[in-house]
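Below is one structure, written out as structure tokens; comments come after it.
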Amino acid sequence: MAWTRDQLAQRAARELRDGFYVNLGIGIPTLVANYIPSNLKVVLQSENGMLGMGPFPYEGEEDPDLINAGKQTITQLPISSYFSSSDSFGMIRGGHIDLSILGAMEVAENGDLANWMVPGKVVKGMGGAMDLVAGVKKVVVVMEHTSKDGSPKFKPRCELPLTGANVVDMVITDLAVFARPDRKSQFRLIELASGVTADEVRSKTSAAYLAT
Amino acid sequence: MTQATKVYQDARAALDGILKDGMTIMSGGFGLCGIPENLITALRDSGVRGLTVISNNAGVDEWGLGLLLKSKQIAKMVSSYVGENKEFERQYLAGELQLEFNPQGTLAERIRAGGAGIFGFYTRTGAGTLVAEGKEQRVVNGDTYILETGLTADVSLIKAWKGDTEGNLIYRKTARNFNPMMATAGRVTVAEVEHLVQPGELDPDQIHTPGIFVKRIIQGTSYVKAIEQRTVRKRSAA
């Protein structure tokens, strides 16, 4: 059985470590916040200028001056701090954020990532994605294993314009997990979703990777 | 002889004499959070056209910079993300609007550099992507960096929470975002605040933008402070 969106988020949450400062992208990565183990101290960064992101507000307590990077209303915590966009990306670019979890359209076997534009379609912009993958210490991609037409998304090289070159450390899909110890190494299949076989993963992946 | 004052009666008066067609404007805010509502409306009402607008986003159809798009006063946007604006999409696809995408952190740093008198900087952000095309590159210790240049504007429009008559500003929560850098990068920076106070009422240790950067300031009125994504949680049942 392939992992559901929530199971994907749960699996990604296992990459969290005590004391980590973490930036979560929009979509499934946002759900990771629901699965932070209660015994870990994890601080969420929102690139529009906040550390220590709290949960959504109770109805009637929304503050228009307090939103996350997805423009959703949020709350602050006792540990929270606010800062400018340049300070925010200083901490991102400067390698002070431990982990970035984000979505992808394509990941290449060499760690290239494409997640911001499709030529011929309306381009909304890269937002902070290029800065995040260029600066954060560890980059974890969470995505469906194949696109809607069944074609592999983890492939020999990205066909879409890149968000970053050689920036991905781990790929978590609804079928499997691929990881590599550093950015000079090849990805290795390290985990299968329950009931999914290595052969099935192989048949739905065009990227080269090391077997478990 | 009277002392120079930075305080103007309203947004229209604060923009009087500093606008011209084809100029470059910086406008603070992230989405609709921390945008200079009064000044954007006054800019629209001025009728000035052919603007280059540097702003992280382009507002929504009926609000923020969307107002200036609707009235076709913008010729070019410099932004990182413009996904929430249908009219923007229409004008761009029709070739009526130019667009320059910058990675968000690169945009923030370009503005900071511009205001700080720094010509440019080398960054890893965007190396190996379309963003790097046509830019000088350097390889240092095996990493590729690209040269990004500082940005300035003819006029910067800023929104702060509190300000005093000297132009000292304090922002509130995530409404700070791009405002502090843009305040430094405008040849004329105009700020609107929710609370305009007298000198001495703001703690000098808490000032985010020192008054030297602000040439004109107004007490804003009728704030809408629209929310793009109203997300809430249920109170747990007793």
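The values are calculated or read from the model by the stated rules, or taken from the named source; none is laboratory data. This one's a predicted model, so the numbers in the text were calculated from it and none came from an experiment. Cβ: placed from backbone, ideal geometry, glycine included. Neighbour counts: every protein chain shown. SASA here: full protein model, heavy atoms, side chains in, ligands and nucleic acids out. Shrake-Rupley method; radii C 1.70, N 1.55, O 1.52, S 1.80 Å.
With each label modelled as a point 7 angstrom along the Cα→C-beta vector, the A:D199-A:T146 pair spans 1.6 nm.
Going by accessible area, probe 1.4 Å, with all protein chains left in place, what is the ranking of A:L31, A:L99, largest first? Could you put the intermediate results ahead of the total?
Values: A:L31 40, A:L99 0 Å².
Descending accessible area places them as A:L31, A:L99.
At 222 nm, what helix-only mean residue ellipticity would chain A give, in deg cm²/dmol to the nearest 500, using -39500 (n - 2.57) for each DSSP H run of four or more? Before the final figure, lay out each step's value.
Working: 5 runs with 35 residues, N = 212.
The per-residue figure over chain A is -4000 deg cm²/dmol.
Computed 3J(HN,Hα) for the range B:115-120, one whole-Hz value per residue from the Karplus formula 6.51 cos²θ - 1.76 cosθ + 1.60 where θ = phi - 60°, is x, 9, x, 9, 4, x, glycine and proline marked x. For GluC sites (Glu not before Pro), the sites in the range B:168-205 that DSSP calls loop and that have at most 15 other Cβ atoms within 10 Å are B:E201. For chain B, averaging the sequence separation of C-alpha pairs within contact (under 8 Å, six or more residues apart) and dividing by the residue count gives a relative contact order of 23 percent.
Once the C-beta distance of B:H195 and B:K20 is scaled by a Förster radius of 25 Å, the resulting FRET efficiency is 0.20 to the nearest 0.05.
Scanning chain A for trypsin sites (Lys or Arg not before Pro) that sit in a DSSP loop and have at most 15 other Cβ atoms within 10 Å, the longest stretch containing none of them is A:42-120. Taken one residue at a time, the phi angles of the range B:132-145 give Karplus couplings (6.51, -1.76, 1.60, θ = phi - 60°) of 7, 4, x, 9, 4, 10, 9, 9, 10, 6, x, 9, 8, 10 Hz. Gly and Pro are set to x. In this structure, the pairs whose alpha-carbon distance is over 21 Å, taken from B:K70/B:K162; A:K138/B:K173; B:K20/B:K72; B:K20/B:K70; B:K159/B:K215, are B:K70/B:K162; A:K138/B:K173.
Are there GluC sites (Glu not before Pro) in the range B:17-103 that DSSP marks as loop and that have at most 16 other Cβ atoms within 10 Å, and which are they?
Details: sites: B:E37, B:E62, B:E84, B:E87, B:E89, B:E96, B:E100; in loops: B:E62, B:E84, B:E96.
Of the GluC sites (Glu not before Pro), the ones in loops of the range B:17-103 whose Cβ has at most 16 other Cβ atoms within 10 Å are B:E62, B:E96.
Around the amide H of A:I190, modelled in the peptide plane, lie the amide H atoms of A:V177, A:F178, A:A179, all under 5 Å away and 5 or more residues distant in sequence or on another chain.
Applying a DSSP loop filter and a limit of 15 other Cβ atoms within 10 Å to the GluC sites (Glu not before Pro) in the range A:52-85 leaves A:E59, A:E61. Between amide H atoms placed 1.01 Å from N, distances below 5 Å from A:G127 occur with B:Y81, B:Q104, all of them 5 or more places distant or on a separate chain.
Computed over the range B:1-81, relative contact order equals 29 percent, with contacts defined as Cα pairs under 8 Å that lie 6+ residues apart.
Just how far, in whole angstrom, is the range B:165-233 from the range A:41-102 if you go by their alpha carbon centroids? Using only Cα atoms, the two centres lie 20 Å from each other. Given the pairs A:K71/B:K225; A:K71/B:K234; A:K41/A:K71, which span a C-alpha to C-alpha distance of over 21 angstrom in this model? Exceeds cut-off: A:K41/A:K71. Based on C-alpha pairs under 8 angstrom that are at least 6 apart in sequence, the range A:1-157 has a relative contact order of 22 percent.
Tell me, which longest segment in chain B has none of the chymotrypsin sites (Phe, Trp or Tyr not before Pro) that fall in DSSP loops with at most 16 further Cβ atoms within 10 Å?
Working: sites that count: B:F119, B:Y223.
My reading of the result: B:1-118 is the longest stretch.
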